[in-house]
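Structure, as structure tokens:
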Amino acid sequence: MSEPVAVAAASSPRVPLIRVAGVTKKFGGVQALRGVNLEVLPGEVHALLGENGAGKSTLIKILSGVHTYDEGSIEIAGQKVAFESPAKSREAGVAVVYQDLSLVESLSVGANLMLGREPRTRLGFVKQRELMAQVGAFLREHNIPLDPRVHVDSLPFAYRQMTEICKALMGDVRVLILDEPTSALTGGEEQILFDAIRTVTARGVGVIYVTHRLNEVFRISQRVTVFRDGANAGHFATADTDMKQLVAAIVGPRHAAMQARQETTTGTPAQSAAEQTAPQSTLDAPVLSLSNVSNARLRNVNFAVRKGEVHGLAGLIGSGRTEILQTIFGLLPIDAGAIELDGQPLAARRPGDAIQRGIALVPEDRHLQGLVLDHSIERNLTLPRLPQFSRGGWLRAQAAAQQARTAMKQLSVKAPDASTQVKFLSGGNQQKVVFAKWNHPRPKVLLLDEPTVGVDVGAREEIYGVVRDAARAGTGVVVVSSDLDELLRLCDRISIVVDGSIVRTVERAQLRTAEELHHLIQLPRPTEELAT
């Protein structure tokens, strides 16, 4: 089968703000970039797409001065550049917001945004009042819901991400590079970000927008460049392309096989995940139920998950979605109410209690909470199951190694072998290792917090397959996701979380679009619930 032919974007008489021509980069024996080309016009949002390992991150690090390129040329506003350091890149007006945040968590939002350019007195003291006033004015101008006085370490991950983006926007920027900027943002926060991007592009700033959420491409970008295996796989005018064409360019020859597998496993869009996976009799029995559960973050949460069901939790950042999962898993205490698992009380005072009862959690931040990056795949898979692989206080190394190999095969983890350190894996493969920790024995309840953050198109499809397999085997799955399209695609039912409470639950069949779900999230509480 021949590969898709890219639709050429219309040429423009404007001089590109940034031009990358024939750039190559080699690391040892690995050719990371193979003569890539990219042009960004002033005031343009240019989406850069590709699977993990396609070369996007390498190009970003070259543009930011972390790496130098081997051959080719890079121009900014017609001037050839070759940045020797990140400082030189910043001097040229290039600002990068990476997935891995670079905030000083012990400082306030305002101090982080003005770090290195604080207003000072003649004696060198920081003018705190003036600093906070400048930051506050910027946040109000862009309608960004951040308090400049709040310390970063007290913020949820998504608001830290927004702080990082604001730090870049406040600088003297000519080229802004955003790497997965909405990975933990919901629809409302996405819109705030997009409005801020439009504000800076109106000043002539060029934006390179890297994302795995393809629906965002059509909302924010004017043109698209796709990388595959370190080379260009297509240039597109956003208005002249569609989702199918972009996926075909990103995935390449695997696209047809992926489509066939998706149609086989998901059926028609109108089918719910449960209808595809488990007999109706199993769906009638709740495997997990919460009755009037309250604590410092939750208020009278009532919630039930059936065997073989994929149940979504939708809400704004800080609504309590993650805290519901943390409470079930024993990370947060229960002050009132009750949780039952298979009809029996669940008193999980710590995660070990929940794991022992058959509850598993895939956390939002896999690097901080889900993996030990310096350990091997095998060790990461063994850690939550040490009693299973121990005898007389000694680790049964052969059994652990065999289990790791089996799990890697089942979840298609791409790595040389199970001894590979997790830090060397792509984001998608790291996430599959987090899932694999709970694959044997299969849990009764699987809690997923933003399960595809930073995961490319191909790996995302594989993770969806893992979720469906778990439901098909009778596991009750609870999914928290800021990607509303993802919830619609995966879930049988979706509960709306507002201010630590579940205010309504809807069947998937009642929702046609992500916009309808976003509208429900924005609605006030039903009158009868407000009265109580």
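FYI, it's all coordinate maths here, none of it is from the lab. If you're wondering where the values come from, they're calculated on a predicted model, not measured in any experiment. Reconstructed Cβ throughout: ideal geometry from the backbone, glycine too, with neighbour counts over all protein chains shown.
What is the Cα coordinate range of segment 345-397 on the first, second and third principal axes, sorted by size from largest, in whole angstrom?
That works out to 35, 31, 13 Å along the principal axes.
What is the percent of Cα-Cα separations in segment 137-256 that go past 18 Å?
Of the Cα pairs, 57 percent sit more than 18 Å apart.
For the residues Met162, Met408, what sequence is obtained by ranking on other C-beta atoms within 10 Å, fewest first?
Met408, Met162
When averaged across all projection directions, what area in nm² does the alpha-carbon convex hull of the chain cover?
28.1 nm²
Do any of Lys61/Lys244; Lys127/Lys167; Lys61/Lys88 go past 22 Å between their Cα atoms, and which?
Values: Lys61/Lys244 29 Å; Lys127/Lys167 18 Å; Lys61/Lys88 13 Å.
In this structure, Lys61/Lys244 exceed 22 Å between Cα atoms.
Can you give the extra length, in nm with one decimal, that the chain gains between Arg129 and Arg396 once fully stretched, where that is 0.36 nm per residue apart less the Cα-Cα distance?
Taking Arg129 through Arg396 to full extension adds about 90.1 nm, to one decimal.
Rounded to the nearest 0.05, what FRET efficiency do Ala347 and His375 give with R0 = 45 Å and r taken as the Cβ-Cβ distance? Could you check? Walk me through the intermediate numbers first.
Details: r = 31 Å, r/R0 = 0.69.
Plugging the Cβ-Cβ distance into 1/(1 + (r/R0)^6) gives 0.90.
Counting other beta carbons within 10 Å of each residue's own, what order do Cys491, Cys166 fall into, fewest first?
So the ranking, lowest neighbour count to highest, is Cys166, Cys491.
In deg cm²/dmol and to the nearest 500, what is the mean residue ellipticity at 222 nm of the chain if only DSSP H runs of at least 4 residues count, each as -39500 (n - 2.57), divided by the residue total?
On the way: 20 runs with 180 residues, N = 532.
So the calculated ellipticity at 222 nm is -9500 deg cm²/dmol.
If Lys and Arg each add +1 and Asp and Glu each add -1, what is the summed charge of the other residues whose beta carbon sits under 11 Å from the beta carbon of Asn295?
Values: positive: Arg297, Arg299; negative: Glu323, Asp335.
Counting the neighbours of Asn295, the net charge comes to 0.
With +1 on each Lys and Arg Cβ and -1 on each Asp and Glu Cβ, how big is the dipole of the chain about its Cα centre, in debye rounded to the nearest 20?
Here the chain has a charge dipole of around 1040 debye.
Which parts of segment 127-148 would a label at Thr121 reach, counting a residue when its backbone N lies under 12 Å from a point 7 Å out along Cα-to-Cβ?
127-129
How fast does segment 79-176 diffuse by Stokes-Einstein, in µm²/s, taking the Kirkwood radius from C-alpha pairs at 25 °C and 0.890 mPa s?
Translational diffusion coefficient: 171 µm²/s.
Taking neighbour counts of Cβ atoms within 10 Å as a proxy for exposure, in what order, fewest first, do Trp438, Trp394 appear?
Fewest-to-most Cβ neighbours within 10 Å comes out as Trp394, Trp438.
Sort 98-110, 422-434 for me by packing, meaning the mean count of neighbouring Cβ atoms within 10 Å per residue, highest on top.
422-434, 98-110
For segment 24-142, what mean projected area does the convex hull of the alpha carbons give, in nm²?
Seen from a random direction, the Cα hull of segment 24-142 projects 10.5 nm² on average.
Over 13 Å apart: what share of the alpha carbon pairs of segment 377-442 falls there, rounded to a whole percent?
Of all Cα-Cα pairs in segment 377-442, 57 percent lie more than 13 Å apart.
Hey, rough spin-label estimate for Val104 and Ala473, points 7 angstrom out along Cα→Cβ, what's it come to in nanometres?
Simple spin-label model gives 4.8 nm for this pair.
Provide the gained length on full extension for the span Asp147 to Asp240, in nm with one decimal, where the gain is 0.36 nm per separating residue minus the Cα-Cα distance. Don't jump to the answer; show the numbers that get you there.
On the way: separation 93, 0.36 × 93 = 33.48 nm, distance 4.05 nm.
Result for the pair: 29.4 nm of gain on full extension.
Between Asp195 and Asp485, what is the label-to-label distance in nm when each label sits 7 Å out along the Cα-to-Cβ direction?
2.3 nm
Arrange the peptides 228-236, 74-82, 214-222 so that the one whose residues have, on average, the most other Cβ atoms within 10 Å appears first.
With the highest mean Cβ count within 10 Å placed first, the list reads 228-236, 214-222, 74-82.
Testing the spin-label approximation: label points 7 Å from Cα along Cα→Cβ at Asp365 and Glu516. State their distance in nm.
Here the answer is 3.6 nm between the modelled labels.
Show the residues, 5+ positions off or on another chain, whose built amide H is closer than 5 Å to the amide H of Leu313.
Val479, Val480, Ser481, Ser495
Please report, for the Cα atoms of segment 404-532, the Rg to one decimal and the Dmax as a whole number; what are they, in angstrom?
So, for segment 404-532, Rg and Dmax equal 17.3, 59 Å respectively.
Residue by residue through segment 491-508, which ³J(HN,Hα) values in whole Hz follow from phi under the Karplus form 6.51 cos²θ - 1.76 cosθ + 1.60 (θ = phi - 60°), with glycine and proline marked x?
Computed from phi, the couplings for segment 491-508 are 9, 8, 9, 9, 9, 9, 10, 9, 6, x, 10, 8, 9, 6, 10, 10, 6, 4 Hz.
Over the C-alpha atoms of segment 92-138, what are the Rg and the largest Cα-to-Cα span, Dmax, in Å?
12.4, 37
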